[in-house]
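A short write-up of the structure that comes next.
Values quoted throughout were computed directly from the atomic coordinates according to the rules given, and no laboratory measurement underlies them. Here the structure is a predicted model, which means the values were calculated and not measured. Here the Cβ positions follow ideal geometry from the backbone for every residue, glycine too, while neighbour counts run over all protein chains shown.
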């Protein structure tokens, strides 16, 4: 039996309402017999997957209206994967990915809670090749640039899984590494557009962040 606590939230995204099971807070820890280090995850970072962060809500809101028809989509660093569930509920073709295996456990439960069909999940480490993951027309993520090495790792990972015509959407809460990521993407032939985001969080605080959109329309160049 897990020793972490959970809670249930009712969340409206666009015109859809979702029942979401999350960790009770970001201070929960895994079962005593399952050290997160076995999965390459520090104990301090382990609970972050199980909380709906403000940037994740903003990404979900964006995906409630963003055009998805005919696109193969990947969410990276998904955590609770609210944005993926929004795309899935709209009939989009999306795969959920994260490096924490607990994401799949919560994803299965949340899909069942909302009476949705199965949603594919792939365990994914940006530093390791994963040819089974395939290539995509749209890659999305939120609050995923919080470590110094993330910009280069993420840009290289995206390059491995990008179709020739490609879009990337990242919601960032203002972390300093987003500029380096934009440079990395520019070096790979992407044009970047940046939009300021502001919203009121459920606790009444103000969210300020950026919607970063990257597009590439030219044939893929070998950056090896």
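Counting pairs of alpha carbon atoms under 8 Å apart in space and at least six apart in sequence, what relative contact order in percent does the chain give?
Working: 407 pairs, mean separation 33.4, N = 224.
Reported as a whole number, the value is 15 percent.
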**Message:** If I model region 127-183 as equal point scatterers sitting on the Cα atoms and use the Debye formula, what is log10 I(q)/I(0) at q = 0.26, 0.28 Å⁻¹?
**Reply:** -1.15, -1.24
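Could the peptides 57-64, 5-12 be put in order, highest first, of the mean number of other beta-carbon atoms found within 10 Å of their residues? If you can, show how the numbers build up before the last one.
On the way: 57-64: 23.0, 5-12: 11.6.
Highest-to-lowest ranking by the protection proxy: 57-64, 5-12.
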**Asked** When the chain is modelled as a GNM with alpha-carbon springs shorter than 10 Å, which of 163, 110, 15 fluctuates the most?
**Response** 15
**Unit Cα scatterers, Debye sum, the chain: log10 I(q)/I(0) for q = 0.10, 0.11 Å⁻¹** = -0.43, -0.52
**Prompt:** Taking all pairs of different Cα atoms in region 45-173, averaging 1/r and flipping that mean, what Kirkwood radius in angstroms comes out?
**Reply:** 14.6 Å
**Message:** Per DSSP helix of 4 or more residues, -39500 (n - 2.57); summed, then divided by the residues of the chain. What does that give at 222 nm, rounded to the nearest 500?
**Reply:** -6500 deg cm²/dmol
**Ratio Rg/Rh, restricted to region 98-224 and using Cα atoms, in which Rh is the Kirkwood radius** = 0.99
**Asked** In nm, to one decimal, how far is the residue 208 label point from the residue 26 one, both placed 7 Å along Cα→Cβ?
**Response** 1.8 nm
**Share antiparallel - DSSP beta bridges, the chain, percent rounded to 5** = 60 percent
